[in-house]
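The values are calculated or read from the model by the stated rules, or taken from the named source; none is laboratory data. These numbers come from a predicted model, not from an experiment. In this analysis, Cβ positions are derived from the backbone assuming ideal geometry, glycine residues included, and neighbour counts consider all displayed protein chains.
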Amino acid sequence: MPRREEEDDMLRMSFVEHLTELRARLIKALLGLGVAYAVSLTFTDPLWRFICKPAGQALTALGYPPQLYVFDPMDGFQIIWVKLPVVWAIFLGSPWVLYQLWAFIAPGLYRHERRWVGPLLVGSSGLFILGGVFAYFVVFRYGLTFLLSIARDSFVVPMVPMDIYFERFVDVVLGVGIVFELPVLIFLLTALGVVTPGFLMRHSRYAILAIFILAAVVTPSTDVFNLVLFATPMCLLFYLGVLASYVLTLRREGRAFPWQPMLWIGGGAAVAGGAAWAIHRYWRRR
């Protein structure tokens, strides 16, 4: 398709129309979050028990009573009936919010690029939820157990306040969920012409270095295997973003995707990941 025809495929909007569309999308996103919040209010008790599981398991493993403490009588109501439903509504309503975001961005894309909206919507929602799951089952559990074990032999008994525990839980889960959106960010930057697959690969060593520095800061343990355990998913997400950027570039240039080399690379990465996990499990059993 000639360049002029591709440009004609884009939906042209004035500045005022962009602002009107932005306001409409924000209102719809907030309404969706409101509905998700109302739904979350119907099962706050099992949600709170689910959130408390990492604390109970960490305290029990260290020989402490599995209890959280309340120092303000209002904490129970504010956390269980106000803050907790808000956090759950963010996860529950994330597909709807991301759909509104893509619907706002879509008019600035070519017609053939707008076909990516559906897969990107599913991918971004899935990555955000996957990041929350990874934070809950790996990052938060490992970090909490390590932090509570620091003063175990120093005549110190931990008293974990309910409000502080919930704040740390939200920070970790939402933070990791946002970090897992890295492939989507790279894809968007490629769509906007800010980066290219070649640029990303040439500077990948700096990206990997930054990822390991970030993992070293986030990981409370000094165990090198825990560092690798946290950094590996981030590196995989970076290269997944590069792959998405490469696919988009190929589609724009009308070239076919080289499936056979990618299958070999993917198989090698899967074997390397399995070997790293096996070594980690073996090391922890010693």
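Do you know which of the residues in the range 8-37 that are assigned to a helix (DSSP H, G or I) and surrounded by fewer than 11 Cβ atoms within 10 Å (Cβ to Cβ) is modelled with the highest pLDDT? Out of the qualifying residues, it is Arg23. Mind checking whether some residue in the range 93-110 is hydrophobic (A, V, I, L, M, F, W, C), under 30 Å from Leu144 (Cβ atoms) and modelled with pLDDT under 90? Checked the range 93-110: at least one residue is hydrophobic (A, V, I, L, M, F, W, C), under 30 Å from Leu144 (Cβ atoms) and modelled with pLDDT under 90. Go through the range 145-168 and count every residue that is at pLDDT 80 or above and more than 15 Å from Leu229 (Cβ to Cβ). So the answer is 12.
Does Ile51 satisfy the criteria of being surrounded by 12 or more Cβ atoms within 10 Å (Cβ to Cβ), within 22 Å of the chain's Cα centre (by Cα), at pLDDT 90 or above and assigned by TED's automatic domain parsing to the domain that holds Phe169? Here the answer is yes, as Ile51 does meet what is asked. Quick check on this structure: which one of Val122, Val133 is closer than 27 Å to Asp163 by Cα and not aromatic (Phe, Trp, Tyr)? Within the list Val122, Val133, the selection yields Val133.
If I go through the range 130-160 residue by residue, how many of them are of a type in the set (A, V, I, L, M), outside any helix (DSSP H, G or I) and touching a residue at least 40 places away in the same chain (Cβ under 8 Å)?
Pass one, the range 130-160, residues of a type in the set (A, V, I, L, M): 130, 133, 135, 138-139, 144, 147-148, 150-151, 156-157, 159-160.
Subset that is outside any helix (DSSP H, G or I): 150-151, 156-157, 159-160.
Subset that is touching a residue at least 40 places away in the same chain (Cβ under 8 Å): 157, 159-160.
Final tally of qualifying residues: 3.
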